[in-house]
1. Given the conditions (1) touching a helix residue (DSSP H, G or I) at 6+ places or on another chain (Cβ under 8 Å); (2) within 30 Å of GLY124 (Cβ to Cβ), which single one is not true for GLY41?
2. Out of ASN53, ASN112, which single residue is within 12 Å of the chain's Cα centre (by Cα), at pLDDT below 90 and surrounded by fewer than 19 Cβ atoms within 10 Å (Cβ to Cβ)?
3. How many residues does region 45-88 hold that are hydroxyl-bearing (Ser, Thr, Tyr) and either out of contact with any Lys or Arg (no Cβ under 9 Å at 6 or more places or on another chain) or farther than 23 Å from SER120 by Cα (or both)?
4. Tell me the residue from LYS81, LYS35 that is closer than 30 Å to GLU98 by Cα, without any contact (Cβ under 8 Å) to a residue 24 or more places away in the chain and over 19 Å from the mean Cα position of the chain (by Cα), please.
5. Give region 111-136 a look and list any residue that's outside any helix (DSSP H, G or I) and not β-branched (Val, Ile, Thr), or say none.
6. Identify, from the list ALA86, ALA31, ALA36, the residue that is surrounded by fewer than 17 Cβ atoms within 10 Å (Cβ to Cβ), closer than 16 Å to ALA140 by Cβ and not hydroxyl-bearing (Ser, Thr, Tyr).
7. Quick one: MET47 ticks every box in (1) surrounded by fewer than 19 Cβ atoms within 10 Å (Cβ to Cβ); (2) over 23 Å from GLN135 (Cβ atoms) except a single one, so which number is it?
8. Say we look at region 61-78 and pick out the residues that are farther than 15 Å from VAL16 by Cα, in contact (Cβ under 8 Å) with a residue 40 or more places away in the chain and outside any loop (DSSP other than H, G, I, E, B); which of these is least open to solvent (accessible area, probe 1.4 Å)?
Amino acid sequence: MSAPRARRKPLGVILVEHGACEQAQVDRALAEQAKAGGHLGEILVAMQAIDRNQLTLALGVQAGLDPVDLDQLDTGPAIAKRLDPATCQLFRAVPYKEEGGAHVVALADPLNVNILQDLSFIVGTEVKGSIATEQAVDRALKRLYGAAEQQSMAPVLNEVRSSAQDIDLED
């Protein structure tokens, strides 16, 4: 028999605790959800009580990920070299530190924490996660891997272009 799962904190509670919105706004959104259905976070965004970044961070906290501001961190090339640029681009994961022998990455998608298991398998060491906004992840990936990724994709793009010229679309 497995251990009981820890109860997740409700999204509305997290948003109020982090100062993203007021309890009255959550209550209105819950009433709307009871009436019309839908996801609480999306209802709050539609009500303009919170923005998409606040929702992303709160969902990450709910999933057990610590929020991180990648724009305030010095994510140097030494850490970036430990993970393949193509893998980081694909998984939208930014490595930013090592902690107890594990790589720590910031994720853009709080609903897909299984990425951490996939990354651990790929790199052969433990990978821990935190959450950052999609825009911050995109900026960090461009800062860390932008030029290298464009250069590594150039041969693939050239091959696709030359192959496309060889295709005859007429019968």
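1. (2)
2. When all the criteria are applied, what remains is ASN112.
3. 2
4. Answer to the check: LYS81.
5. Those that are outside any helix (DSSP H, G or I) and not β-branched (Val, Ile, Thr): LEU111, ASN112, ASN114, GLY124, GLU126, LYS128, GLY129, SER130, ALA132.
6. Working: ALA31 fails: closer than 16 Å to ALA140 by Cβ; ALA36 fails: closer than 16 Å to ALA140 by Cβ.
Testing whether each residue is surrounded by fewer than 17 Cβ atoms within 10 Å (Cβ to Cβ), closer than 16 Å to ALA140 by Cβ and not hydroxyl-bearing (Ser, Thr, Tyr) leaves just ALA86.
7. (2)
8. LEU70
The values are calculated or read from the model by the stated rules, or taken from the named source; none is laboratory data. Please read these numbers as outputs of a predicted model, since none were measured by experiment. Note: ideal-geometry Cβ built from the backbone for every residue, glycine included; neighbour counts use all protein chains shown. Surface areas here come from the heavy atoms of the whole protein model, side chains and all, with no ligands, DNA or RNA. Shrake-Rupley method; radii C 1.70, N 1.55, O 1.52, S 1.80 Å.
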